[in-house]
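Colleague: One structure coming up, written as structure tokens, with questions to follow.
The values are calculated or read from the model by the stated rules, or taken from the named source; none is laboratory data. As the structure is a computational prediction, the values presented were derived from the model and not from experiment. All Cβ positions, glycine included, derive from the backbone under ideal geometry; neighbour counts span all protein chains shown.
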Amino acid sequence: MVTQYAFFFDAASCTGCKACQIACKDRNDLEPGLLWRRVYEVAGGTWEKRGEAWLPAVAAYNVSMACNHCQKPLCAMACPVKAIGKRDDGLVLIETTRCIGCRYCEWACPYTAIRFNATSNTVSKCHFCFEALDRGEPPACVTACPGRALDFGDLDELRKKYGEIRQIFPLPDPSQAEPALVIRPHPDAARAAGRGAEVANWEEV
Amino acid sequence: MGREWPLVAFTVLGQAAVGIYVCAGTPLFLGAGSAGAEGRGRLTFIFAVLGLTAAASTLSLFHLHHPARAFRVLTNLGQSWLSREILFEIGFIGITALLGVCEGRRVGSEAFLKALFVLGGLAGVLFLFSMSRLYMLAAVPAWNRAWTPLSFLLTSLSLGALTAASIGGRWSGKPHPGGPLVALAFVFVSIEFAASLLATPVFGLIGHMPSPSLRPRAPARHWIHRFRLFVLAMGLGLLLVVVTTQQGSAGHSLGPNGFLAMALALVLVGQISDRFLFYGLLVPPGR
């Protein structure tokens, strides 16, 4: 039995095509401007002189990020009306009929996974396509990825399969919320902060 | 930044109410000869505090998108600082109202009124504390600093001492503002000016290193910070005039009360602009 569902993201395989983002929007019929899964384009660097040669020293990769259904869900802890709860399988879900729309959870989430839905006037976020999951089907984003950069499963199983890494630049310190996330870093990720990398598509995400 | 105006109003008014309760209420209920204080003065003070908290609570509802569901807001007291903040706010309002009823109907002894006043002050301090903790989120490094409780406390004390100095005298039946309260207001506003200059997140002289984040950086609104420092400095200047002239003839057509009222208005404008700056530090992602 799954005790904590988790996502796996392979930054080295992600091409930034955003099929995951669009599949999520399509499956959940999200209005324009509302994204439950976002693809951050990380870019930075300059030219470096090595000997007599000038070489590009850049960092460029993508990070696909949704709700990480954290083991310590700060959003649920912040919610004054207990509108956010954690299921036995680890999924963090919002009961929108309880939500008062104070948006405090939106501030508390380090992954900015909580997004305001102007249609329902409540907060919203990735629910791991739980209805599909309960039918034994995978989440839409995982299915849509052409490069197989996304996977899902039990957190312990994913850790055995892919390792223990759960943070790359620009993700925040994972000790804050203990995200159910496993990452295979892009080779540039370790150099990103040192090369002044930044998210290049803030307007989009 | 502008969309958070209900929270700007709630925090500034709520903090001012606690500050006024402590600074103006202490001489009325606990000061030397307070037992003989005019009942009407005490009631006016209680109505002023209740009016401010009622305004703060009403305005805060405008930031909720489903205020009709807010009756459940105390259900997560074990984990949510927002629930706790509202609990202490209700406690503060409730005790102040009870104090008003007891004072108005002359129920209970003077010792009981004093105990009730202290209890109300404790609820007010816990209200301020929980309000600060609410914003100290690991996910928002610009708020998760000692600056947040410090600035909230200074807002409370500056506005409280200034209000007590400018109009609190009327509540206690004294014709002129009390010297110690004016001096206290001068000290609080001075500390606030220095702290703002040095430690305002992002804009202060003491910088901080941004940590990796999935939130866009806040736009540099230096003009608000400079405007805030300017109005605080103007307020301080007026307070200095009062401090140095109030013992003798004021020598100004406005008199000490007029200068204090102007200083209060300037410091209030400073607090409001600081609060807009504070909420502007958090840029919501997406649209």
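Colleague: Could you please find all residues in the range A:169-205 being assigned to a strand (DSSP E or B) and of a type in the set (V, I, T)? Can you show your working first?
Modeller: Keep residues of the range A:169-205 that are assigned to a strand (DSSP E or B), which gives A:181-184, A:198-199.
Within the range A:169-205, A:V182, A:I183, A:V199 meet the criteria.
Colleague: Follow-up question, since we're still on this one. Being aliphatic (A, V, I, L, M) and in contact with a Lys or Arg (Cβ under 9 Å, 6 or more places away or on another chain): is that true of A:A53 here?
Modeller: Here the answer is no, as A:A53 does not meet what is asked.
Colleague: To continue, here is another question. Considering only residues that are outside any strand (DSSP E or B) and hydrophobic (A, V, I, L, M, F, W, C), which ones fall in the range A:43-67? Show your work before the answer.
Modeller: Taking the range A:43-67 and keeping what is outside any strand (DSSP E or B), we get A:51-52, A:66-67.
If the condition is that a residue be outside any strand (DSSP E or B) and hydrophobic (A, V, I, L, M, F, W, C), then A:A66, A:C67 are the ones that fit.
Colleague: Here's another thing I want to ask about it. Any idea which of A:E106, A:E137 is modelled with pLDDT of 95 or more and more than 8 Å from every other protein chain (Cβ to nearest Cβ)? Lay out the reasoning, then the answer.
Modeller: Values: A:E106 fails: more than 8 Å from every other protein chain (Cβ to nearest Cβ).
On inspection, the qualifying residue turns out to be A:E137.
Colleague: Would you tally the residues in the range A:45-69 being crowded, with 20+ Cβ neighbours inside 10 Å and either modelled with pLDDT of 95 or more or away from chain B (no Cβ under 14 Å) (or both)? Explain how you work it out, then say what you get.
Modeller: Keep residues of the range A:45-69 that are crowded, with 20+ Cβ neighbours inside 10 Å, which gives A:59, A:61-69.
With the extra rule that they be either modelled with pLDDT of 95 or more or away from chain B (no Cβ under 14 Å) (or both), the set shrinks to A:61-69.
Matching residues across the range A:45-69 total 9.
Colleague: Consider only pairs whose beta carbons are under 7 Å apart and that are at least six residues apart or on different chains; among these, list those whose first residue lies in the range B:186-199 and is touching a residue at least 12 places away in the same chain (Cβ under 8 Å) and whose second residue is among the β-branched types (V, I, T).
Modeller: B:F186/B:V243; B:V189/B:V267; B:A199/B:I206
Colleague: Also: Determine which member of the set A:V63, A:V58, A:V123 is on the phi < 0 side of the Ramachandran plot and in contact with a Gly (Cβ under 6 Å, 6 or more places away or on another chain). Before the answer, list the steps.
Modeller: Details: A:V63 fails: in contact with a Gly (Cβ under 6 Å, 6 or more places away or on another chain); A:V123 fails: in contact with a Gly (Cβ under 6 Å, 6 or more places away or on another chain).
So the residue among A:V63, A:V58, A:V123 that is on the phi < 0 side of the Ramachandran plot and in contact with a Gly (Cβ under 6 Å, 6 or more places away or on another chain) is A:V58.
Colleague: Evaluate the following for A:R166: is it within 20 Å of A:Q4 (Cβ to Cβ), away from every other protein chain (no Cβ under 12 Å), of a type outside the set (F, W, Y) and part of a loop (DSSP other than H, G, I, E, B)? Working first, answer last.
Modeller: Values: within 20 Å of A:Q4 (Cβ to Cβ): yes; away from every other protein chain (no Cβ under 12 Å): yes; of a type outside the set (F, W, Y): yes; part of a loop (DSSP other than H, G, I, E, B): yes.
Taking the combined requirement at face value, the residue satisfies it.
Colleague: Follow-up question, since we're still on this one. Mind checking whether some residue in the range A:125-137 is out of contact with any Ser or Thr (no Cβ under 6 Å at 6 or more places or on another chain) and closer than 30 Å to B:G280 by Cβ?
Modeller: Start the filter on the range A:125-137 by keeping residues that are out of contact with any Ser or Thr (no Cβ under 6 Å at 6 or more places or on another chain), which leaves A:125-137.
Okay, now just the ones that are also closer than 30 Å to B:G280 by Cβ, so A:125-126.
The answer is yes, given that some residue of the range A:125-137 is out of contact with any Ser or Thr (no Cβ under 6 Å at 6 or more places or on another chain) and closer than 30 Å to B:G280 by Cβ.
Colleague: Against the condition within 14 Å of chain B (Cβ to nearest Cβ) and either within 17 Å of the chain's Cα centre (by Cα) or part of a loop (DSSP other than H, G, I, E, B) (or both), how does A:C17 come out, does it pass? Show your work before the answer.
Modeller: Values: within 14 Å of chain B (Cβ to nearest Cβ): no; either within 17 Å of the chain's Cα centre (by Cα) or part of a loop (DSSP other than H, G, I, E, B) (or both): yes.
Answer is no for this residue.
Colleague: Taking the stated definitions as given, is B:E85 within 14 Å of chain A (Cβ to nearest Cβ), crowded, with 21+ Cβ neighbours inside 10 Å and touching a helix residue (DSSP H, G or I) at 6+ places or on another chain (Cβ under 7 Å)? Can you show your working first?
Modeller: Working: within 14 Å of chain A (Cβ to nearest Cβ): yes; crowded, with 21+ Cβ neighbours inside 10 Å: yes; touching a helix residue (DSSP H, G or I) at 6+ places or on another chain (Cβ under 7 Å): yes.
In short, yes.
Colleague: Being at the interface with chain B (Cβ under 8 Å from one of its Cβ atoms) and either among the β-branched types (V, I, T) or within 30 Å of B:M131 (Cβ to Cβ) (or both) is the requirement here; does A:M77 meet it?
Modeller: On the way: at the interface with chain B (Cβ under 8 Å from one of its Cβ atoms): yes; either among the β-branched types (V, I, T) or within 30 Å of B:M131 (Cβ to Cβ) (or both): yes.
So A:M77 fits the description; yes.
Colleague: Of the residues B:T26, B:T44, B:T96, only one is surrounded by fewer than 22 Cβ atoms within 10 Å (Cβ to Cβ), part of a helix (DSSP H, G or I), polar (S, T, N, Q) and in contact with a helix residue (DSSP H, G or I) (Cβ under 6 Å, 6 or more places away or on another chain); which?
Modeller: Values: B:T26 fails: in contact with a helix residue (DSSP H, G or I) (Cβ under 6 Å, 6 or more places away or on another chain); B:T96 fails: surrounded by fewer than 22 Cβ atoms within 10 Å (Cβ to Cβ).
Going through B:T26, B:T44, B:T96 in turn, just one is surrounded by fewer than 22 Cβ atoms within 10 Å (Cβ to Cβ), part of a helix (DSSP H, G or I), polar (S, T, N, Q) and in contact with a helix residue (DSSP H, G or I) (Cβ under 6 Å, 6 or more places away or on another chain): B:T44.
Colleague: Starting from the range B:213-241, take each residue that is more than 14 Å from every other protein chain (Cβ to nearest Cβ) and surrounded by fewer than 21 Cβ atoms within 10 Å (Cβ to Cβ) and list its partners that are assigned to a loop (DSSP other than H, G, I, E, B) and hydrophobic (A, V, I, L, M, F, W, C), counting only C-beta distances under 7 angstrom and pairs at least six apart or across chains.
Modeller: Filtered contacts from the range B:213-241: B:H222/B:F203; B:H225/B:F203.
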